[in-house]
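To start, the structure itself, in structure tokens.
The values are calculated or read from the model by the stated rules, or taken from the named source; none is laboratory data. Remember, it's a predicted structure, so these values are computed and weren't measured experimentally. Here Cβ is always computed from backbone atoms with ideal geometry, including for glycine, and neighbour counts include all displayed protein chains.
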Amino acid sequence: MSDVSTSTPAAARSSRPTHAREHPRRRRRSRSLQGWLYATPTAVLVGVFFVLPVLLVLRMSVSDWGLFAGNRGLNAPENFTRVLDDRLLWPAVVFTVKYTVITTVILLAVALGLALIVQESSRWKNLLRTAILVPSALGLASASLLFYALYSQQSGPLNPMLLALGVITESVSFLGTPTSALWSTVFLIVWRFAGFYMLLLMVGLQGISHDVYEAARIDGANRRQIFARITLPLLRPSLALCTILCVTGSLLAFDQFFILTKGGPDNSTLTIVQLIYNMAFAGANDLGRAAALSVFVLIGLVALNAVQFRVLRGRED
């Protein structure tokens, strides 16, 4: 009797861990399956709208592919050499980089200033925030059309207003010279996106503890020292995000210049993306050459973003 009584519980104990081990495995499998089900729609969208187009562009870049003639066979590396020999390529690269630097510096400075003003204001905070964010609700193409009408030398309201105020003595062509066209476009972009970047920076400012500012004030730090030694260092992650978004968006600028200047005057405001468009649809009708330039742009953006992420991560470490 003693042998039976002692062996039965032992057998029961040996059988329980097997079921206990199987149950967590089933749970993990079900969770894994559920995770794949959640991720599948996103994966399908990424595959259809990103991976497949990139593969198609790569195929076009090594093919003699006309807009109307279609694929006429491989011709690598002719498309790439023709792109590098294009007389408009390097002026477009220089202008795009120039525009990117100017826009990034001015836009982030304005956005940071607005974020600090809204953050410090207590009475008019909601009104200021709403007023600054209103332009962000307008699409870039719509905003470009709006400013095209404002900049019009014949029917736009800006010239009469400036003449009435005595700011100018004669009508100004805002889009008639390379310099004025550049700065007019930069003003449009700052007006359109300042509220968006202000909102991102405000999130970073609200994440800074007030105890840090109080400790700095107790130690005798003035406003300039607090801004330089506390606000900017702790705001670096938000500034990094804004910088990456602004640089990438500026390098891919198309809508504003296409609507305002069409790349003029005399191709002085031609961006890289506009050049791709012109190669593919405006005159050349050469999808293969446009795809080759797109590959160069994609490689440049990937390399630039990789450098930015590495530098920013190194600073945070």
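Values computed for the structure shown
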item	result
Single match in Ala215, Ala141, Ala137 (criterion: surrounded by fewer than 18 Cβ atoms within 10 Å (Cβ to Cβ) and closer than 21 Å to Leu112 by Cα)	Ala137
From the options Tyr197, Tyr213, residue that is part of a helix (DSSP H, G or I), touching a residue at least 12 places away in the same chain (Cβ under 8 Å) and over 25 Å from the mean Cα position of the chain (by Cα)	Tyr213
Residue among Ser184, Ser180, Ser136 that alone is under 16 Å from Ala253 (Cβ atoms), among the hydroxyl-bearing types (Ser, Thr, Tyr) and either touching a His at 6+ places or on another chain (Cβ under 9 Å) or assigned to a helix (DSSP H, G or I) (or both)	Ser184
Breaking point among (1) within 22 Å of Ala240 (Cα to Cα); (2) touching a residue at least 40 places away in the same chain (Cβ under 8 Å), for Val101	(2)
Residues of the range 187-201 satisfying the condition of being surrounded by 19 or more Cβ atoms within 10 Å (Cβ to Cβ) and either at pLDDT below 90 or under 15 Å from Arg236 (Cα atoms) (or both)	Tyr197, Met198, Leu201
